[in-house]
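Only one structure is covered here, and it is reproduced in the block below.
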Amino acid sequence: MRKLLRPGIWIVIATVAAVFSGALVGFAYVFGLGDDAGSDVFSAVPVTAREPTTTTTRPRSRPTTTTLPPIEQPPFVEMPALPAGGLSQGDSGDDVLVYEYRMKTLRFDPGEVDGVFDSETRYAVEAVQKLFGVDRTGRIDEGVRFGLSTFQWPKAMVKKGEPDRAEVDLDRQVMVVYRDREVQLITPVSSGSGKRFCGGDQGCQYATTPPGRYTFTWHYNGWRTSKLGRLYNPYYFNGGIAVHGYSSVPVYNASHGCVRIPMHIAEYFPDLVFKDMPIYVVGTAAGPYGAAPGNPTTPGPPTATTTPATTPPTATATTGPATAPTTTRPVTSTSTPGTSATTATTSPATTAAPTTTAAPTTTVPPTTAAPPSTTAPSGP
């Protein structure tokens, strides 16, 4: 006990305590325990685990190009019952108004929704019929009624096409315009007739609209006069071939190669598309690119003046059919007045005209049918 009471021992104990306290304070300072350093030295251990790294646990983003949301389809709408014979141009009333409104919402532009079945309404009905591949009568019948009631957006003709594009279907004679993957317009068209014509910049050629991928290049505002006729608001996409308005857009292909659209649609079409926007022409073209419509054996040139080069030698062949039955020649000679004997001697000379036996080459006179007056259509 006396040894414990010695001052030197207490000095040693105090020194050790001071060193221990200093070490504890330094530990707290290093590990951020602040003012609570003197509480419990083991309480500082969990602090080293409260700084987890989050950069290694963040999931990587995956490409979403193949998971585009589906296009919302139009709802089912029960269209009004039709009168006997359906509805056609010249009719008017509430039923016409309902059908016009339905076609407007489905992007078949019927013009003004006013309850009057006019030519613009007829074009919209023809677009419906063309799209569904039924008879193109321009009349609202039970088939059109069913189609409009259950309508779904048409399947794209081009796989993985651009969000903004136009598609021209040569087989159905209809065009669909997409903006941001959504249908903005379904319109009837009339493309190249496939018939041969002369008078353009390249001389005689076939009226075709070649399939392929193109882009809109330039636009002319208003009426433009060409060698083949007048074009309204043409937007060119393949050399001299354009989408343009025209006063006549029949249910069949009838142009020189351009894509005709109704006039009321041509009013705003240049604002619906834009320069360098893709336009796809799909299907079977007429003329040298495919089967010509109508009678493919008589696509002949517009005038007969170009055909004689293909006909046999002399023009007497054209009179040949009239005199071809040589057995009738002697009959006509015996009917001559009085001098039958003399005529009998001369008639054998006429029988020597078996040059008419060459007339069988007159089976070529389909050249008389070669200049079909229906060669080139009147419009561009």
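Does GLU100 meet the test of being of a type outside the set (Lys, Arg), under 20 Å from the mean Cα position of the chain (by Cα) and open to solvent by less than 80 Å² (accessible area, probe 1.4 Å)? Judged against the criteria, GLU100 is not a match.
The C-beta contact set for region 253-278 (first residue on the phi > 0 side of the Ramachandran plot, second residue open to solvent by 20 Å² or more (accessible area, probe 1.4 Å), distance under 7 angstrom, 6+ apart or interchain) comprises GLY257/ILE241; ASP276/THR215. Scanning region 147-203 for residues being in contact (Cβ under 8 Å) with a residue 40 or more places away in the chain and over 13 Å from GLY283 (Cβ atoms) gives a total of 29.
Farther than 29 Å from ALA266 by Cβ and either open to solvent by 60 Å² or more (accessible area, probe 1.4 Å) or not hydroxyl-bearing (Ser, Thr, Tyr) (or both): does that describe GLY143? Don't jump to the end; show me each part of the working.
Numbers: farther than 29 Å from ALA266 by Cβ: no; either open to solvent by 60 Å² or more (accessible area, probe 1.4 Å) or not hydroxyl-bearing (Ser, Thr, Tyr) (or both): yes.
No.
Applying the condition of being open to solvent by 10 Å² or more (accessible area, probe 1.4 Å) and either under 19 Å from GLU78 (Cα atoms) or hydrophobic (A, V, I, L, M, F, W, C) (or both) to region 103-133 and asking which residue is nearest to the chain's Cα centre (by Cα) yields LEU131. Test GLN184 against the stated conditions and say whether it is open to solvent by 10 Å² or more (accessible area, probe 1.4 Å), under 23 Å from PRO270 (Cβ atoms) and part of a strand (DSSP E or B). Judged against the criteria, GLN184 is a match.
Restricting attention to region 146-166, the residues being surrounded by 20 or more Cβ atoms within 10 Å (Cβ to Cβ) and over 25 Å from SER88 (Cα atoms) number 2.
The values are calculated or read from the model by the stated rules, or taken from the named source; none is laboratory data. Keep in mind the model is a prediction, meaning the values are calculated, not measured. Cβ: placed from backbone, ideal geometry, glycine included. Neighbour counts: every protein chain shown. For accessibility, only protein heavy atoms count, side chains too; no ligands or nucleic acids. Shrake-Rupley method; radii C 1.70, N 1.55, O 1.52, S 1.80 Å.
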